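What follows is calculated from the coordinates using simple rules that are stated; it is not laboratory data. In this text the structure is predicted, and so the values were computed from the model without any measurement. Note that we place each Cβ from the backbone using ideal geometry, even for glycine, and neighbour counts take in every protein chain shown.
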Amino acid sequence: MDRFALTDLDHPIVQAPLAGGPSTPALAAAVSAAGGLGFLATGYKTPEAVGEDVAAVRALTDAPFGVNVFAGGGAPAAASEVERYAGELAGESERLGVALGSPRFDDDQFAAKVELLIEARPAVVSFTFALPPARVVERLHAVGSAVWITVTTPGEARAAVAAGADALVVQGAEAGGHRGTFDDAEPGEIALLPLLQLVTAATASHASVPDGATAEAASGARVTDGAVAPTADGAGVTDGVAALTAGGAGVTDGVAALTAGGAGVTDGAVKSPGLPLVAAGGIANGAGVAAVLAAGAAAAQLGSAFMLTPEAGTSAPHRTALADPAPTALTRAFSGRSARGIVNRFMRDHDAAAPRAYPEIHHLTAPLRAAARANGDADAINLWAGQAHELAEARPAGELVTQLAVDARTALRTAAARFGA
């Protein structure tokens, strides 16, 4: 069964899934209808709510869209560490007038969400935090859904290809929100540009897993149900490697969708066999899109850039913070897992004490964050944002996609001209 390919898009622009509120059916539908690929986030939602979101997108557009799932993995944190951090937050609880949440360990109803998506058959199902079980990949492929896996290191990229991924979401350290690392003990500090080069090199000698294959790579490594395959040896090459030819900006499949309006960008300058790379992290405008396409990506994934659109469910205090040129940093203070956000008081006060305990700390702080959000208190909520967040614009999502594509074409022409083309 044919599966979605990035070359099906008018524009190689992907809206990142934004769990916790910003992702909405209206946002995903607007991006997809404009020729990009919109995404729904399922994190922290019930399967029933996810089903409603999928139906809502389909009521708004016939265009393809994706759905992201937090993959399971890990083990419960030491209860003593969670209890210690709960004591650390007692003052926050008193100040906001709400009790702390129950710090439970769960898998975000992974199995139920997967079953729902196998039935719903979205164009793409992406996974973050771990590899999906081999049987899940096989079943999604069987119903026609492409499987994308978020990676933050070359080793994770090789493992993802061995697991049967159709594309790799290459997440640089600049990205806002949770790091997609398989092991949060190492939050993945490689920036996007070097990471794209490293992943391309690490996967260049390996072919992608064929349709219908199990999670077996050239090395013979197999990813079993629930496994996180840290050392699988097979991988694929992106089909978006740029080719600045003597005749101009002849760039490959990854930028073929930018040909409308003409940029001297062609569909066949370079044909690489393997998997496409979707670049994520710190991309905020058309020049950023062009940069990652030239670096080998087949598409650019943007998150913070879409958070000020009217279709996004971003809270009022979060919108205000995004527009300011404030610094960002990685923290475990809000969720117990490394995530990039705008530095605020809560982060400064509690980051050093926060244990590596996800999702226990997420559940523990959820009532605090909800109360602060309702009060408009930006100093006590998780202001997830990438490093280029201040470039976000408050404009309709469809307009943003169109402008990103126009500006990317211009940037590619300008770059080609510098080579005398």
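Return the distance in nm (one decimal) between the two label points of a simple spin-label model at Leu198 and Arg348, each offset 7 Å from Cα along Cα→Cβ.
The modelled label-to-label distance comes out at 3.1 nm.
For the residues His318, His363, His389, what sequence is obtained by ranking on other C-beta atoms within 10 Å, fewest first?
Exposure proxy ranking, most exposed first: His363, His318, His389.
Relative contact order of the stretch 21-97, please, whole-number percent, based on alpha carbon pairs below 8 angstrom and at least 6 residues apart. Intermediate values should be presented prior to the final figure.
Values: 65 pairs, mean separation 24.1, N = 77.
Reported as a whole number, the value is 31 percent.
Output the peptides 337-349, 40-52 sorted from most to least packed, where packing is the average of other Cβ atoms within 10 Å over each peptide's residues.
Answer by packing, highest mean first, reads 337-349, 40-52.
Given 10 °C and 1.306 mPa s, compute D for the stretch 1-143 with the Stokes-Einstein relation, Rh being the Kirkwood radius over Cα pairs; round to the nearest whole µm²/s.
Numbers: Rh = 16.9 Å.
It comes out at roughly 94 µm²/s.
Lys/Arg Cβ at +1, Asp/Glu Cβ at -1, dipole of the stretch 146-191 taken about the Cα centre: which of Ala163, Thr153, Phe182 is farthest positive-ward?
Highest projection toward the positive end goes to Ala163.
Relative contact order, percent, of the stretch 300-421 when contacts are C-alpha pairs under 8 Å separated by at least 6 residues? Can you show the working numbers first?
On the way: 165 pairs, mean separation 40.0, N = 122.
About 33 percent, as a whole number.
Treat the count of other C-beta atoms within 10 Å as a stand-in for reagent exposure and order Ser126, Ser93 from fewest to most.
Details: Ser126 28, Ser93 18.
Fewest-to-most Cβ neighbours within 10 Å comes out as Ser93, Ser126.
Using Cβ contacts closer than 10 Å as the measure, can you line up Ser32, Ser80 from fewest to most?
Working: Ser32 27, Ser80 9.
Going from sparsest to densest Cβ surroundings: Ser80, Ser32.
Pulled fully out, how much extra length does the chain show between Glu119 and Ala374, if you take 0.36 nm times their separation in residues and subtract their Cα-Cα distance?
Values: separation 255, 0.36 × 255 = 91.80 nm, distance 3.58 nm.
So the chain would gain 88.2 nm between Glu119 and Ala374.
For the stretch 1-58, what class follows from the C-alpha gyration tensor (a ≥ b ≥ c being the square roots of its eigenvalues): rounded when a/c is under 1.5, otherwise prolate if a/b is larger than b/c, else oblate?
prolate
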